[in-house]
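These notes concern the structure reproduced below.
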Amino acid sequence: MTASFVVNLSCGSIRALVVMRILGPALMGAWKSALLLDSIGNFAQLGVSRGASLQVPVLDSQGNVTESDRTASSAGTFNLLLGLLLFVFIFVASFFVRNPNLRVAMRFVALATGVSQPFYAIRDLTSARHLFDVRAKETLLRTVVDFAAAIALAKLFGLAGFGMASAIPVIVAAVYLQRHARLKFRLRPDAGRIRKLIGCGLPYSLTEAGFDLLRRLDVLVMAVVLGTTFVGYYGIAFLIMDFAAILAQKGVSETLSPHLLREFGRTGSFTGVVPFYETPARLFCYVLPPILGVGALLLPECVRFALPQYLPGVPAAEITLWAVFFVAVHGSMSSFFVAAEKLPVVLRLYAFLGAGGAVAQFVVMKAGLGLTGAAWTTLTTMACLSLGEFFIARRVSGQSLREIIPFLGSLYFPLAAAAALKIVVVSASLHAGLPLPVELPFKAALFLLLYAPILIAYESKFTVLRTMYETT
């Protein structure tokens with residue numbers, strides 16, 4: 001699953017870069033601003049689909065297939081009707097927008113949001129029933145269709161073509177998954193069952209929607225305070241954040257969640273399911289810092305070569321790149337909070353950070369700190385979110401503050417060290433005078449050479465890589 005999403009996100013990133021070059025900052029800013037309306041669907045779902053994904057694995061493990069099918073069907077019907085409602089709402093709202101580019105973007109966002117709702121229900125059911133091979137193939141299919149349709153239609157029809165291309169892969173993927181999941185949609189929703197699903201899934205869904213809102217606060221405030229063109233320049237940073245969020249939520253969380261919940265249902269032990277979030281976090285602690293360090297070194301010249309019209313957003317993108325770590329480790333946490341019944345505590349954390357982050361973004365932008373100020377605020381918000389989530393999780397497991405602090409230090413030290421080494425490599429004059437084709441690989445190799453002792457020290461202490469090798 002994770003490998004298929006890496007392919008999906010890699011191709012999606014290339015597709016996004018090509019489309020950004022075709023459309024330019026103004027049209028891309030209009031699309032990214034309109035795309036914020038997609039967040040309405042996250043809240044409007046009321047956790048119904050998520051509740052079904054939490055209940056179906058338990059019901060299936062108990063052999064209650066009939067009840068499991070009815071639960072899934074109720075969620076599917078709700079999402080289908082919700083998709084129709086959201087399409088009408090966003091489409092009608094577009095008529096009240098004066099900016100012609102934003103108006104066009106909103107209408108195609110309405111279409112994409114509408115078809116996405118039943119797709120989410122089918123996708124969640126497929127994962128809940130552990131059909132991960134089907135999900136992986138669907139992801140690759142959607143990747144190919146999305147890549148071809150987005151570039152071709154954007155080139156031929158501009159913003160309208162790209163908007164249409166955002167819906168086509170979802171429709172194709174939904175049809176493919178339905179052949180295997182066979183989710184039954186009914187004309188009359190089961191109101192009683194839907195209420196139960198809301199009670200089960202709403203807190204979980206709110207945490208996911210709250211997380212998406214937190215990571216998009218910069219764009220939301222920027223669209224209002226600075227305008228859609230600045231959102232367009234911020235597109236590289238937005239792309240990086242989307243890459244990390246999708247990988248964490250779909251490539252990690254969607255795979256871990258059914259296994260974690262099944263194990264917790266079998267044992268009822270909080271400590272027994274700790275490895276489900278701790279091991280991925282430790283693995284990200286190994287893998288991401290060197291990748292992010294090299295990425296930060298190469299990013300400016302890559303943008304200068306591929307997307308020169310987005311150069312004003314490069315400093316912000318370099319800052320946002322480091323937030324990828326915090327977004328990635330978040331992907332393994334949410335299911336643990338469901339098992340530990342700590343979602344209300346997590347929601348309070350999100351509410352506090354959301355209010356503080358929104359105010360901070362507004363103040364920063366009004367003070368004239370621009371894109372880099374927004375990026376620093378987002379990085380700080382994501383770091384505080386990650387610290388808060390791990391603190392809650394470790395407390396649930398019975399650890400004291402004296403035990404939690406060393407754990408957090410060991411988790412975040414490689415990231416801090418990689419950021420410091422990146423600054424050292426950039427500041428050093430060893431590569432001065434080298435031609436660009438030689439300078440970039442030289443800086444990357446120098447950074448990795450300096451980082452190698454940290455990786456070796458961590459492997460000698462935690463043996464994560466050795467354990468993975470022996471397991472496979």
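Every read-out reported here was derived from the displayed coordinates using simple, explicitly stated rules and does not represent laboratory data. Just so we're clear, the structure is a prediction, and the values are computed from it rather than from any experiment. Positions of Cβ are generated from backbone atoms using ideal geometry, with glycine treated the same way; all protein chains shown enter the neighbour counts.
Data overview
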{"quantity": "The range 354-414: C-alpha gyration tensor shape, a/c 1.5 cut-off, then a/b vs b/c", "calculated": "prolate"}
{"quantity": "Relative contact order [Cα under 8 Å, 6+ residues apart], the chain, whole percent", "calculated": "20"}
{"quantity": "Under Karplus coefficients 6.51, -1.76 and 1.60, residue-wise ³J(HN,Hα) of the range 415-424 in Hz, glycine/proline x", "calculated": "5, 4, 5, 5, 5, 5, 5, 4, 5, 4"}
{"quantity": "³J(HN,Hα) computed for each position of the range 291-305 - Karplus, 6.51 cos²θ - 1.76 cosθ + 1.60, integer Hz, glycine/proline x", "calculated": "5, 5, x, 5, x, 5, 6, 8, 4, x, 6, 5, 5, 4, 7"}
{"quantity": "Burial order of peptide ranges 204-210, 453-459, 69-75, 185-191 (average beta-carbon count within 10 Å, highest first)", "calculated": "69-75, 204-210, 453-459, 185-191"}
{"quantity": "Computed over the range 1-189: relative contact order in percent, which uses C-alpha pairs under 8 Å that are six or more apart", "calculated": "32"}
{"quantity": "Hull-based mean projected area of the range 384-433, where the convex hull spans the alpha carbons, in square nanometres", "calculated": "4.3"}
{"quantity": "Where labels lie 7 Å past Cα in the beta-carbon direction, separation of Val6 and Asp212 in nm", "calculated": "2.6"}
{"quantity": "Peptides 416-424, 91-99, 121-129 ordered by average Cβ neighbours within 10 Å, highest first", "calculated": "121-129, 416-424, 91-99"}
{"quantity": "Furthest towards positive pole of dipole, Phe89, Leu239, Val359, structure part the chain, Cβ charges", "calculated": "Phe89"}
{"quantity": "Interatomic Cα distance distribution for the chain, bins of 20 angstrom, percent", "calculated": "23, 58, 19, 0"}
{"quantity": "Top positive-direction residue, dipole computed over the range 1-189 with Cβ charges, set Leu153, Gly47, Asn79", "calculated": "Leu153"}
{"quantity": "Among Val221, Ile291, Ala383 - extreme Cα towards positive end, dipole of the chain, charges at beta-carbon", "calculated": "Val221"}
{"quantity": "Cα gyration tensor category, rounded, prolate or oblate, for the range 1-139 with a/c compared to 1.5", "calculated": "oblate"}
{"quantity": "D (Stokes-Einstein, µm²/s), Kirkwood Cα radius, the range 17-97, 1.002 mPa s at 20 °C", "calculated": "139"}
{"quantity": "Distance in nm between pseudo-label sites at Ser397 and Arg348 (7 Å out along the Cβ direction from Cα)", "calculated": "2.2"}
{"quantity": "Over 32 Å between alpha carbons, listed pairs Lys155/Lys422; Lys32/Lys461; Lys366/Lys422; Lys366/Lys443; Lys32/Lys137", "calculated": "Lys155/Lys422; Lys32/Lys461; Lys366/Lys443"}
{"quantity": "Rounded, prolate or oblate (a/c below 1.5 giving rounded, otherwise prolate when a/b exceeds b/c) for the range 61-153 by Cα gyration tensor", "calculated": "oblate"}
{"quantity": "Cα-centre dipole for the chain with unit charges at Cβ (Lys and Arg positive, Asp and Glu negative), debye to 20", "calculated": "840"}
{"quantity": "Estimated Rh, the range 285-412: Kirkwood, alpha-carbon pairs, angstrom", "calculated": "16.5"}
{"quantity": "MRE, 222 nm, helices only [DSSP H, n ≥ 4, -39500 (n - 2.57), over the chain, to nearest 500]", "calculated": "-29000 deg cm²/dmol"}
